[in-house]
Amino acid sequence: MWGLVPLFWPLLKPAGAAEILAHRMVWSLVFVGAALLVLRRWAWAGELLRQPRKLALITVAAAVITVNWGLYIWSVNSGHVVEASLGYFINPLVTIAMGVLLLKERLRPAQWAAVGTGCAAVVVLTIGYGRPPWISLCLAFSFATYGLVKKKVGLGGIESLAAETAIQFLPALGFLVWLTAQGGSTFTTEGTGHAALLASAGIVTALPLVCFGAAAIRVPLSTIGLLQYSTPVLQFLLGILYFHEEMPPERWAGFALVWLALTLLTWDALRAARRASRTLTSEINVPSTTSATGTVSAARNAESVASGPGPLDARP
């Protein structure tokens, strides 16, 4: 679903990116609110209101994802689908860089090689485009920041989206009211079908996230990480085969370097996961004289090895 989203935004023309973004915020809250009513999951809201620090982080997350959503909608409807897909290809590399710079995490050699290859890719793409790939970099950095903030907040997918869109709701609704008063709104002037499509932006936003949350508790994390690469792959293919965007040799070279970096990350993550599994298994199978404390400690150490920074956080 995430990979096919570029097919949806052009259907909302002649609405501009700002109007589409505002409707996305408003209708996402409506859809998620209805889901929470059905599931009767409201206890978290009261707890969140009593935690000013978490509320501040949720506000930051809402601001960052607003930038991400708005830029993505604009880039798709302006003929930059391939460059937008690149943003989600390099997002894991940006996430790793943030882990090193902000969280003081240590990288394994393969991860350093992947980051270096990614930097080389940006240089090649800058030459190819005649400018830095700003759309890709802004999408990657905004989503990596969003992921970092959400990690600090620790809310579930539906709850987090509900809190973020609740913060976005009033500014978005105010903008739509102002746009209508100025005669610039397309919601009531382009027919019922157009209005229904704008309203369905909430479903397009929330439904993949709900499915992702359901899959996350049923599917191994390594599998989810690999499957998430299908999103930018689908977007990339749509940009070339459906939207017929140009791909000169320099851009192919830049994308090839990005894919090489992601291959290194995936190989390293899978190797670390296998190593952690072997360590945990050996500790579980030691003679009974080993203390429970030692086994738990070893399990934690193995877990920390497997959960090092990698491509598994990438999510569009």
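The values are calculated or read from the model by the stated rules, or taken from the named source; none is laboratory data. What you are looking at is a predicted structure, and each value in this text was computed from that prediction instead of being measured. Virtual Cβ from ideal backbone geometry, glycine too; neighbours counted across all protein chains shown. Surface areas here come from the heavy atoms of the whole protein model, side chains and all, with no ligands, DNA or RNA. Shrake-Rupley method; radii C 1.70, N 1.55, O 1.52, S 1.80 Å.
Things worth noting here:
- Label-point separation, LEU102 to ALA43 (7 Å along Cα→Cβ), nm: 3.0 nm
- As computed over segment 172-218, the Cα convex hull volume per residue (Å³): 66 Å³
- Accessible area in the full protein assembly, largest first, 1.4 Å probe, for ILE240, ILE58: ILE240, ILE58
- Positive-end extreme of charge dipole, the chain - chosen from TRP252, MET98, THR180 (charges on Cβ): MET98
- For segment 114-227, the fraction of C-alpha pairs more than 19 angstrom apart is 68%.
- Listed by chain and number, the aspartates and glutamates whose alpha-carbon sits under 15 Å from that of LYS150, ignoring those within fewer than 8 places in the same chain, are GLU159, GLU164, ASP313.
- Estimated at the nearest 10 Å², the accessible area of CYS138 is 60 Å² with a 1.4 Å probe.
- Nearest 10 degrees, 0 to 90: helix 17-39 Cα axis against the chain principal axis: 60 degrees
- Here the chain is assigned +1 on the Cβ of each Lys and Arg and -1 on the Cβ of each Asp and Glu. Its dipole about the Cα centre then comes out at about 940 debye.
- Unit charges at the beta carbon, dipole of segment 102-177: most positive-side option, ALA113, PRO171, GLY128: ALA113
- Inter-label distance, LEU241 to ASN285: 4.5 nm, where each label sits 7 Å from its Cα along the C-beta direction.
- Rough spin-label spacing in nm, given labels placed 7 Å along Cα→Cβ, for ALA196 and VAL123: 5.4 nm
- Computed over the Cα atoms of segment 143-196, pair by distinct pair, the Kirkwood hydrodynamic radius stands at 13.6 angstrom.
- Ordering of 255-268, 78-91, 178-191, 158-171 by burial proxy (mean other Cβ atoms within 10 Å per residue, highest first): 78-91, 158-171, 255-268, 178-191
- The chain: C-alpha pair distances exceeding 32 Å, %: 35 percent
- Relative contact order %, the chain, counting alpha carbon pairs below 8 Å whose residues are six or more apart: 34 percent
- Angle between the chain longest axis and helix 292-306 axis [Cα atoms, degrees, rounded to 10]: 50 degrees
- Degrees separating the helix 52-77 axis from the principal Cα axis of the chain, which is the longest one: 60 degrees
- Here segment 147-213 and segment 69-133 have alpha carbon centers that stand 26 Å from each other.
- For SER78 and PHE187, the FRET efficiency from 1/(1 + (r/R0)^6), where r spans their Cβ atoms and R0 equals 25 Å, is about 0.75.
- Here segment 1-68 was treated as a single set of alpha-carbon atoms; its pair distances binned every 5 Å from 0 give 3, 12, 15, 21, 21, 13, 9, 5, 1 percent.
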